[in-house]
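Heads up: the structure comes next, in structure tokens.
The values are calculated or read from the model by the stated rules, or taken from the named source; none is laboratory data. What you are looking at is a predicted structure, and each value in this text was computed from that prediction instead of being measured. Backbone-built Cβ (ideal geometry, glycine too); neighbour counts: all protein chains shown. With ligands, DNA and RNA removed, areas are computed over all heavy atoms of the protein, side chains included. Shrake-Rupley method; radii C 1.70, N 1.55, O 1.52, S 1.80 Å.
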Amino acid sequence: MLNAKRVLLIVTGGIAAYKTPELVRQLKKAGASVSCVVTQAAQQFVTPLTLQSLSGDKVYSDLFSLTDEHEMGHIELSRQADIVIVAPATANMLAKMAQGLADDLAGTLLLATDKPVLVAPAMNVRMWEHAATRDNVAMLKKRAIVFIGPDEGEMACGEWGEGRMSEPEEIVAAIAAFLDAEAPLKGKRAIVTSGPTVEPIDPVRYIANRSSGKQGHAIAAALKDLGCAVILVSGPTHQPDPLGVQTVHVESARDMLAAVETAFPADIFIAAAAVADWRVDLQAPQKIKKSGGAALPEIKLVENPDILAAVSKPGPRRPALVVGFAAETETVIEHARAKLAKKGCDWICANDVSAERKAFGGDENTVHLITRAGIEDWPKQSKTAVARKLARRIADHFAAQTHVSGKTSA
Ligand code: C5P
């Protein structure tokens, strides 16, 4: 039920830490891979060696360890996880999280992560009921931190009340339920194109463009994060293949079209690639030589296939939702609207790529989403944020359709 999910488990220093080896065992049994971070205090209750043996991964504890930093920067540790679990979460750790303290590896990771964080508190009932803890819990809930438990029962200190850490199986079930709710695109397949295409002139020269692939790769990752099965067809970029996304590397527009066709069928198609409009008609088999005089080589261009238009064509294999991009330098909305009609796609993400906007290669993007129903102007934001917003918007679109078809069939 947690198949291929990467869990980062942060163990803080409460007596309930003795249950974490069992938690690791059950997470692994459910199909997750687990990396553990232990605080100094946690090591009084559970040994890193136990957690390492059960998780099969190195246990991290030191913020300033040269080896850890060399092997994996602490930010990287939180970025590579799908979900972060703090179990047990002590009153002290909840207070640190509420204040954003980063004085050890656990605190730093929790401040640096962009992934969902779930906490399983464990503490004495009076500490749990203390006004300071109540305030911290309220603040953390407001920031979308998810609480699992604590349960009521007998405490290690002999008192009775709320404050016991939930049992490992309850924590695993809560994580699975959370991930399920977070996966509205589960069961859907998407094909995303990204990056530039490269059109050869001869064996050493080519025509290309400035696309970095940042936006398309971020969209592939964001769709995958919502449970979608994603095939990314990418032209040459410096972006790493997104984790958990099947990536097919191509060079030319014709290669890209062939890879997209091989990747079919799909429910969603997103054309984020900056496909070259033209290719060189006859690629020279050998490097074209300088003739050292008046006779300059002439390059004849021919039109490339339009992948977006081809995929948008009505027919049984047309994906239910086809989204194109319109990179424009002027009258962005008008051009994008015209493109929507011309290509036959369902939505267009229009962005201004004029030199002053620096969208090409930059980390930010200003997008206008054009659908047949109207225009949404999204504020300037990081390409990752644009990708997440688009993925959410797609999930909402499918949810609304299910709702409508549910109603009509009822
Ligand atoms: O026509 P234009 O290149 O402006 O259209 C941009 C949109 O069309 C983008 O979504 C791009 O990925 C897609 N496109 C394509 N194949 C082409 C040209 C553009 O899929 N040959």
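Details
- Subset of Lys188/Lys343; Lys29/Lys188; Lys115/Lys224; Lys214/Lys313; Lys214/Lys383 violating a 18 Å alpha-carbon distance limit: Lys188/Lys343; Lys29/Lys188; Lys214/Lys313
- When all alpha carbon pairs of the chain are counted in 10 Å bins from zero, the resulting P(r) reads 4, 19, 24, 20, 17, 10, 4, 1, 0, 0 %.
- For segment 182-268, the Cβ-based charge dipole about the Cα centre amounts to some 180 debye (Lys, Arg positive; Asp, Glu negative; other atoms uncharged).
- Per-residue SASA remark: Arg134, around 90 Å² accessible (1.4 Å probe; ligands, DNA and RNA not included).
- GNM top mover of Cys349, Cys228, Cys157 - the chain, alpha-carbon springs below 10 Å: Cys157
- The mean accessible area for residues of the chain, using a 1.4 Å probe and ignoring ligands and nucleic acids, is 50 Å² per residue.
- Relative to the longest principal axis of the Cα atoms of the chain, helix 168-181 runs at roughly 30 degrees.
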